[in-house]
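Reviewing the structure listed below.
The values are calculated or read from the model by the stated rules, or taken from the named source; none is laboratory data. Here the structure is a predicted model, which means the values were calculated and not measured. For neighbour counting, all protein chains shown are included, and Cβ atoms are generated from backbone atoms with ideal geometry for every residue, glycine included. To get the accessible areas, we keep the full protein, side chains included, count just its heavy atoms, and leave off ligands, DNA and RNA. Shrake-Rupley method; radii C 1.70, N 1.55, O 1.52, S 1.80 Å.
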Amino acid sequence: MGTLEHHCYRFSIAEEGGKMKRFLYVALGTMILLCGCGRNSASETVSRQYVDVAMGTVVRQVVYCSEEAAAEAFSGRAMELLEELEGELLSWRLENSQVYSVNASGGNEEGVRLSEELAEILRQCLKLYGDSEGAFDVTMGSAVRLWNIDQWAAGQQEGEFELPDPQELKQTLEICGSGRLKLGEGEAPVLYLPEGMQLDLGAVGKGLALTELLGLLEKESRITGAVISVGGSVLTYGSKPDGSSWRVGIPDPADTSSSVGILSLEGQWCVSTSGDYERYAEVDGVRYHHILDPATGYPADSGVRSVTVLTREGLIGDGLSTACFILGPRKGMELAGKYGAEVLFVLEDGKIVMSEGMEKTYFQRQ
Ligand code: ADP
Ligand code: MG
């Protein structure tokens, strides 16, 4: 019996904004690139594809397994897991999330007790803050809110986009800074958040999601391979029935319907891309994107249009792609090297700069 190729697109779009539709078109286009959509006559493996929306972005799943029911059950559980992650842990908007409670605790002298899960995420984020010399900073929440780029980009704001008032931005920046965050490590972790400070884990959320999805895949022995993307973060797992490599496209920032090249990968990897082309607002032909340089409070301006990082682990890969975007190629390459990650930068002039391993082993130019 040959491989069955079914295409189950489960659209459950809460937002009807043009942005979300654009996401979906890109999603469908990229999926062809990711899975190759072939048939394997030598195998009884079934493959299923799903497109859905969670964490404010498009989630694509391509699942290879020995039984159809396993793919169906997995894809449903995966979406539940992403919703839980957003609603109960990461969201700064939803009142039941841990980040929401932390943000409500600013200035509280007794601090706020953290789950071990959130404490471990913060430990890794604080390490990346130090290693990136402050470029990666999850306490930039108030500045991120002031710019509100995500809302503008999603078409959820009316009227014309306006830049923040420089004085207000300066004052807001003064209350940010991971160096002022205190994580008490007694019997249980306690966080002391200075007054006015707001956490924003948007830079690692999708990477964390990949790590959680990997845990779910590993529990399901009937699944032999999968490619799952959550926005710009992609997880590869296991293998395809015909033994060929996973092929993950790196979008061309100048034309996101095409790619600058392909990563050819075997087994389990996390590929995380941060770019100036997904969430931005424009005034007078100037593009204001959603990755802020903590040194200035303005969108990072390091001559980079996108950064793709290849790691085994999702949270670090996602954090590194944001940090490297701010740092630019020279310092970013150094930082990625420190974590054993491969990295590829697409510069403003279209040039590609990448780590040696990326060039020699994984990247194939289009
Ligand atoms: P995306 O979420 O689009 O995949 P990133 O992973 O690069 O992109 O994360 C960007 C998000 O990170 C922003 O939307 C914002 O919430 C947050 N952020 C912005 N600037 C910084 C920064 N300097 N350090 C850490 N997080 C940041
Ligand atoms: Mg990131």
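The lone criterion from (1) within 16 Å of ligand 1 (Cβ to nearest atom); (2) outside any loop (DSSP other than H, G, I, E, B) left unmet by Gln364 is number (1).
Just checking, which of Gly134, Gly196, Gly179, Gly225 is of a type in the set (Gly, Ala, Ser), in a strand (DSSP E or B) and more than 17 Å from the chain's Cα centre (by Cα)?
Working: Gly134 fails: in a strand (DSSP E or B); Gly196 fails: in a strand (DSSP E or B); Gly179 fails: in a strand (DSSP E or B).
On inspection, the qualifying residue turns out to be Gly225.
Within the group Val102, Val112, which residue is of a type outside the set (Gly, Ala, Ser) and within 16 Å of ligand 1 (Cβ to nearest atom)? Before you say what the answer is, go through the steps one by one.
Working: Val112 fails: within 16 Å of ligand 1 (Cβ to nearest atom).
Within the list Val102, Val112, the selection yields Val102.
Which one is nearest to ligand 1 (Cβ to nearest atom) among residues in region 313-335 that are within 19 Å of Asp301 (Cα to Cα) and aliphatic (A, V, I, L, M)? The residue in question is Ile326.
Checking Ala203 against (1) more than 20 Å from Glu86 (Cβ to Cβ); (2) part of a loop (DSSP other than H, G, I, E, B): exactly one of these is not met. Which one? (1) is the only condition that Ala203 fails. Has region 91-108 got any residue that is open to solvent by less than 20 Å² (accessible area, probe 1.4 Å) and either free of Cβ contacts under 8 Å to residues at least 24 places away in the same chain or closer than 22 Å to Ile228 by Cα (or both)? Within region 91-108, one or more residues are open to solvent by less than 20 Å² (accessible area, probe 1.4 Å) and either free of Cβ contacts under 8 Å to residues at least 24 places away in the same chain or closer than 22 Å to Ile228 by Cα (or both).
Of the listed requirements (1) assigned by TED's automatic domain parsing to the domain that holds Val283; (2) within 16 Å of ligand 2 (Cβ to nearest atom), Asp137 misses just one: (1).
Counted as qualifying within region 269-346 are the strands (runs of 3 or more DSSP E) with 2 or more residues that are more than 13 Å from ligand 2 (Cβ to nearest atom) and open to solvent by less than 10 Å² (accessible area, probe 1.4 Å), namely 304-311.
Filtering region 179-195 to residues that are within 16 Å of ligand 1 (Cβ to nearest atom) and surrounded by fewer than 18 Cβ atoms within 10 Å (Cβ to Cβ) leaves Gly179, Arg180.
Here is the figure for region 196-247: residues that are over 12 Å from Gln268 (Cβ atoms), of a type in the set (Val, Ile, Thr), surrounded by fewer than 24 Cβ atoms within 10 Å (Cβ to Cβ) and within 16 Å of ligand 2 (Cβ to nearest atom) total 0.
Among the residues of region 151-169, is any away from ligand 2 (no atom under 16 Å from the Cβ), modelled with pLDDT of 95 or more and buried (at least 16 other Cβ atoms within 10 Å of the Cβ)? Yes: one or more hits. If you check Ala203, Ala226 for being within 11 Å of ligand 1 (Cβ to nearest atom) and touching a helix residue (DSSP H, G or I) at 6+ places or on another chain (Cβ under 8 Å), only one passes: Ala203.
Among the residues of region 139-198, those identified as under 29 Å from Glu120 (Cβ atoms) and of a type in the set (Gly, Ala, Ser) are Gly141, Ser142, Ala143, Gly177, Ser178, Gly179, Gly184, Gly186, Ala188, Gly196.
In this structure, does Gly249 turn out to be away from ligand 1 (no atom under 14 Å from the Cβ), touching a helix residue (DSSP H, G or I) at 6+ places or on another chain (Cβ under 7 Å), at pLDDT 95 or above and more than 24 Å from Gln156 (Cα to Cα)? Show your work before the answer.
On the way: away from ligand 1 (no atom under 14 Å from the Cβ): yes; touching a helix residue (DSSP H, G or I) at 6+ places or on another chain (Cβ under 7 Å): yes; at pLDDT 95 or above: yes; more than 24 Å from Gln156 (Cα to Cα): yes.
When the stated conditions are applied, Gly249 passes them.
Annotation note: Cβ proximity below 9 Å between a residue of region 204-233 that is under 20 Å from Thr256 (Cβ atoms) and a residue that is at pLDDT below 95 and among the charged types (D, E, K, R) (sequence gap 6+ or interchain) occurs for Gly231/Glu278; Gly232/Glu278.
Each row is one residue, and each column tells you yes or no for (1) crowded, with 20+ Cβ neighbours inside 10 Å; (2) modelled with pLDDT under 50; (3) assigned by TED's automatic domain parsing to the domain that holds Gly243.
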residue: Gly38; (1), (2), (3): no, yes, yes
residue: Ser43; (1), (2), (3): no, no, yes
residue: Arg60; (1), (2), (3): yes, no, yes
residue: Glu67; (1), (2), (3): no, no, yes
residue: Ala70; (1), (2), (3): no, no, yes
